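The values are calculated or read from the model by the stated rules, or taken from the named source; none is laboratory data. This one's a predicted model, so the numbers in the text were calculated from it and none came from an experiment. With ideal geometry, Cβ positions are generated from the backbone for all residues, glycine too; neighbour counts draw on all protein chains shown.
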Amino acid sequence: MANPPVATIQFNAQLAESLGQLDHFVRLLEREQELLKQVEVEALLDLVEQKTAAMRQLQAGENTRAQTLSRHGVDASPKGIAAWIAAQPESVRNLWQRYLTLAQRAQQLNAENGILIQTHMRHNQQALTVLMAASGPALYDADGLTSSKPGGRLFGSV
């Protein structure tokens, strides 16, 4: 059996590294989902930094793989990569399929987390509306600015 071309060796090594990074990112997204369900705001703030760093690593890996393929004359578009992968040994195709499956899982988790965030925001907005309505009528001062201080006049009164 002939030795695999340099592009295949480099791509395989870079993909294996990215697979580990993507797995880490998926675990962060899973943790984020748990925290969103438990409404653990403080922990979510810490997680955002980790997620951002993980995203940067993933993007750097994508860029490196695209550059490697381009350097070796491979079209680095999704269609070009798919065609190139199809011609690679089974081990590379399997690794690529694992990567795509994990990327799809990350995309799914990210969408679910976005829905949870929107739901929390909607609930917070509703709670804020109720609290503001319960605080009584809006008051304004002599300059016409809204004021909650006693001594202001009721909105609409003279």
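Of everything in the range 6-18, what is out of contact with any Ser or Thr (no Cβ under 9 Å at 6 or more places or on another chain) and crowded, with 17+ Cβ neighbours inside 10 Å? Give them in sequence order.
Within the range 6-18, 8, 15 meet the criteria.
Tally the residues that are surrounded by 15 or more Cβ atoms within 10 Å (Cβ to Cβ) and more than 12 Å from the chain's Cα centre (by Cα), restricting the search to the range 44-56.
The total comes to 1.
Of the residues 81, 115, which is assigned to a helix (DSSP H, G or I), loosely packed, with under 12 Cβ neighbours inside 10 Å, among the aliphatic types (A, V, I, L, M) and modelled with pLDDT of 90 or more? So that I can check it myself, show each step before the final result.
Values: 81 fails: loosely packed, with under 12 Cβ neighbours inside 10 Å.
Answer to the check: 115.
If you go through the range 7-41 one residue at a time, how many are assigned to a helix (DSSP H, G or I) and at positive phi? Give the steps one after another, and end with the answer.
Step one: of the range 7-41, the residues assigned to a helix (DSSP H, G or I) are 7-38, 41.
Next cut, at positive phi only: none.
Residues meeting the conditions: 0.
Give me the pairs, please: first residue somewhere in the range 64-77 and in contact (Cβ under 8 Å) with a residue 40 or more places away in the chain, second residue anywhere and in a loop (DSSP other than H, G, I, E, B), beta-carbon distance under 6 Å, and either six or more positions apart or on two chains.
The qualifying pairs are 69/76.
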